[in-house]
Structures are given as C-alpha cells and as structure tokens.
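For reference, the structure is listed below as structure tokens.
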Amino acid sequence: MLETAEVRRQLTHRLAELKKAQAQRRASADAARTAFDAILEREIAPTMRQFAQALKAEGFAFSVQTPAGAARLVSDRSSDNAIDVFLEVGGAQPAVIVRSAYSRGRRQLEDERTLAQGEAIGRIDGERVLAVLLDVIEPFVER
C-alpha cells in the first residue's frame, strides 16, 4: 500500500503540471487568435472574395460573409451550401479549419480540413487559401 504522503506529493506534482500546461494552451490560443485575425483580414477574406467573383464569372452565384472571427463562402441558391474558414482553439493545438457543408437531396454532408495549426497559422497566404478552396469546391459546382 502506498503512503498517503506519497499519493499527495504525486497528485500535487501532477496538478502543477496540468496548471502549467493549461496556461501554455491559453497563451497559445491567444497568440493564434491574434495571428488568425490578422490573416483573416489580410489573406483569407480577400482571397475568398476573389474566388467568389471568379465563380460568378463562371455562372455559379456565391457570396462572401465575414461574421466575427470567420469567413464564409455561401451559395446564393442555398444557404445550406457553404464553405467556412474559422479558428478552432479547443484541441491540443489551435487550428484553422475549413468546413464545407452541402446538401444532396435531403442529406446534409460535411467535410472538414485543417488549413494550418499552431505557429503555422501566422504563415497562411492567399495561395494556400486558394488551394484549399479549389480542393473543396467540387460538390458545389457539380451539375
């Protein structure tokens, strides 16, 4: 049987480790939010607007919405068909997620991809955003 003092010592040590890790996660999430807000305004939203204009030129009506802390490319035909780019801070590392949601008949389908994680969030550029948009656009333009 273990000594009570040993159990408490190990518990105290583990609690201190968890508290330190939580503080690091909070700091990492704050840094990611700051980086994402800058990238959202400078790279993501403008690239999505250009993409929407190009889609309209090809006969596909899409609009860009920028709710707080995200960008959304939404079909003008159905608001259920959309591509969202947002920051997720709930995981082990903050990540920029691209979620596409579209309907086929009565079924609602979704796909999620990670655009960048951790420190790479601050290095997202327009080319990377365009590449992921080109990857996820297929179900939206199928006729």
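The values are calculated or read from the model by the stated rules, or taken from the named source; none is laboratory data. None of these values were measured; they are calculated from a predicted model. With ideal geometry, Cβ positions are generated from the backbone for all residues, glycine too; neighbour counts draw on all protein chains shown.
Quick one: what pairs do we get from region 34-46, first residue under 15 Å from residue 119 (Cα atoms), second in a helix (DSSP H, G or I), C-beta under 6 Å, 6+ apart or different chains?
As it stands, the answer is 35/121; 35/122; 36/121, since those pairs meet every condition given.
Does region 118-140 hold any residues that are assigned to a helix (DSSP H, G or I), among the aliphatic types (A, V, I, L, M) and within 20 Å of residue 88 (Cβ to Cβ), and which are they? Can you show your working first?
Keep residues of region 118-140 that are assigned to a helix (DSSP H, G or I), which gives 118-123, 126-136, 138-140.
Then keep just the ones that are among the aliphatic types (A, V, I, L, M); that gives 120-121, 129-134, 136.
Of everything in region 118-140, those that are assigned to a helix (DSSP H, G or I), among the aliphatic types (A, V, I, L, M) and within 20 Å of residue 88 (Cβ to Cβ) turn out to be 120, 121, 129, 131, 132, 133, 136.
Looking only at residues in region 76-134 that are of a type in the set (Ser, Thr, Tyr) and surrounded by 14 or more Cβ atoms within 10 Å (Cβ to Cβ), which one is nearest to residue 31 (Cα to Cα)?
Taking region 76-134 first, the residues of a type in the set (Ser, Thr, Tyr) are 78-79, 100, 102-103, 114.
Checking which are surrounded by 14 or more Cβ atoms within 10 Å (Cβ to Cβ) leaves us with 100, 102, 114.
Details: 100: 26, 102: 32, 114: 18 Å.
Ranking the qualifying residues of region 76-134, first place goes to 114.
When residue 93 is evaluated against the numbered criteria (1) modelled with pLDDT of 95 or more; (2) touching a helix residue (DSSP H, G or I) at 6+ places or on another chain (Cβ under 8 Å), which criterion, by number, is the only one it fails?
Failing condition for residue 93: (1).
Check 45, 52, 35 and return the single one that is out of contact with any Lys or Arg (no Cβ under 7 Å at 6 or more places or on another chain), closer than 16 Å to residue 85 by Cβ, at pLDDT below 95 and assigned to a helix (DSSP H, G or I).
Working: 45 fails: at pLDDT below 95; 52 fails: at pLDDT below 95.
Only one candidate passes the filter, namely 35.
Given the condition within 20 Å of the chain's Cα centre (by Cα), surrounded by 10 or more Cβ atoms within 10 Å (Cβ to Cβ) and assigned to a helix (DSSP H, G or I), answer yes or no: does some residue in region 17-25 qualify?
In the first step, residues of region 17-25 are kept if they are within 20 Å of the chain's Cα centre (by Cα); the result is 25.
Narrowing the set further to residues that are surrounded by 10 or more Cβ atoms within 10 Å (Cβ to Cβ) leaves 25.
Then drop every residue that is not assigned to a helix (DSSP H, G or I), which leaves 25.
Yes, region 17-25 contains at least one residue that is within 20 Å of the chain's Cα centre (by Cα), surrounded by 10 or more Cβ atoms within 10 Å (Cβ to Cβ) and assigned to a helix (DSSP H, G or I).
Which ones in region 59-87 are in contact (Cβ under 8 Å) with a residue 12 or more places away in the chain, farther than 15 Å from residue 99 by Cα and part of a loop (DSSP other than H, G, I, E, B)?
Matches in region 59-87: 60, 61, 76, 77, 78.
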